[in-house]
C-alpha cells in the first residue's frame, strides 16, 4: 500500500510539472523565455553611431582632445613636404641596433610591402611594373625624384618616404608600424650597396 501511494504521488507530481510547463509555454507565443545574461545582447553602452545625450553635440563618437597621442604611437614631427624631407635627412637616424635579426625582419617586411613595386633586389622591377605601372628608381643605380642618387638616401629620407609616400608611392604609415619601418630602412641600406 505504501508503494501504491509513492507511485500515485510521483505520478501526480510528474503530471503537475508537465501540465505547468505546457500551460506556461503556451501563454505568450512572442516570449523567448527566461533571459540569461541579457546585458550580453542588450548593451548598456551607446553605440558609436547613436545619439548620446551625455555630450553637447549629441554624438557618441567624439574627436580626441587636441594634442593627445594614441597608446603606442610614436610621433614623427617632420612635415610632409620637401623641407620636412630634407630636415629628416639631417636629424633622423635609425634607433634600432644593426643586427642579423633586425635585418632579417627588414628583409621580410620589404618583401611583403615593398617588393611588389621595388622588386626583390630593389632594382625597380617589381610585379606592378610588369603590369604597366611606372617603375620606381633602383636603390643602387637610380636617381631620386627629390634630387640625388638613390644609393645616398639617408635613414631620415627613407623613413620619411615610407611614412608619407612620394609620387606614385602612397604612405605606408597605416600598414607598417614605426619600428617595422626602421627595419625596412636597415634593409634598404643593404640594397643600396648592390
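FYI, it's all coordinate maths here, none of it is from the lab. What you see is a predicted model; the values in this text were computed from it and never measured. Cβ placement follows ideal geometry from the backbone for every residue including glycine, while neighbour counts extend to all protein chains displayed.
Can you give me the relative contact order of the range 82-192 as a percent, contacts being Cα pairs under 8 Å and 6 or more apart?
35 percent
Mind checking the angle between helix 178-192 and the chain's longest principal axis? C-alpha axes, 0 to 90 degrees, to the nearest 10.
30 degrees
In a Gaussian network model over the chain where Cα atoms closer than 10 Å are linked, find which of 71, 44, 162 has the largest mean-square fluctuation.
44
Quick check: the angle from helix 155-164's long axis to the longest principal axis of the chain, C-alpha only, nearest 10 degrees?
Tilt of helix 155-164: around 50 degrees.
Take the chain, connect every pair of alpha-carbon atoms lying under 10 Å apart with a spring to form a Gaussian network, then pick out the residue of 41, 85, 164 with the largest mean-square fluctuation.
41
So how do 34, 182 line up by other beta-carbon neighbours within 10 Å, fewest first?
Least crowded to most crowded, the residues run 34, 182.
If the elastic network links every pair of Cα atoms under 10 Å, which of 151, 107, 56 fluctuates the most in the Gaussian network model of the chain?
Its mean-square fluctuation being the largest, the pick is 56.
Enter the angle in degrees (range 0 to 90, nearest 10) between the Cα long axis of helix 2-26 and the first principal axis of the Cα atoms of the chain, meaning the one along which they spread out most.
Roughly 50 degrees between the two axes.
Candidates (1) 16.1; (2) 22.5; (3) 18.1; which is the computed Kirkwood radius over Cα pairs in Å?
Evaluating Kirkwood radius over Cα pairs in Å on these atoms matches (2).
How are the Cα pair distances of the range 82-192 distributed, in percent, across 10 Å bins from 0?
All Cα pairs considered, the percentages come to 15, 51, 31, 3.
Counting just the Cα atoms, what span does the range 103-161 cover along each of its three principal axes? Round to the nearest Å and put the largest first.
Cα spread of the range 103-161 along its principal axes, largest to smallest: 28, 27, 18 Å.
Where does the chain land at 222 nm, in deg cm²/dmol rounded to the nearest 500, when only DSSP H runs of n ≥ 4 count, each adding -39500 (n - 2.57), divided by all residues?
For the chain, the value works out to -12000 deg cm²/dmol.
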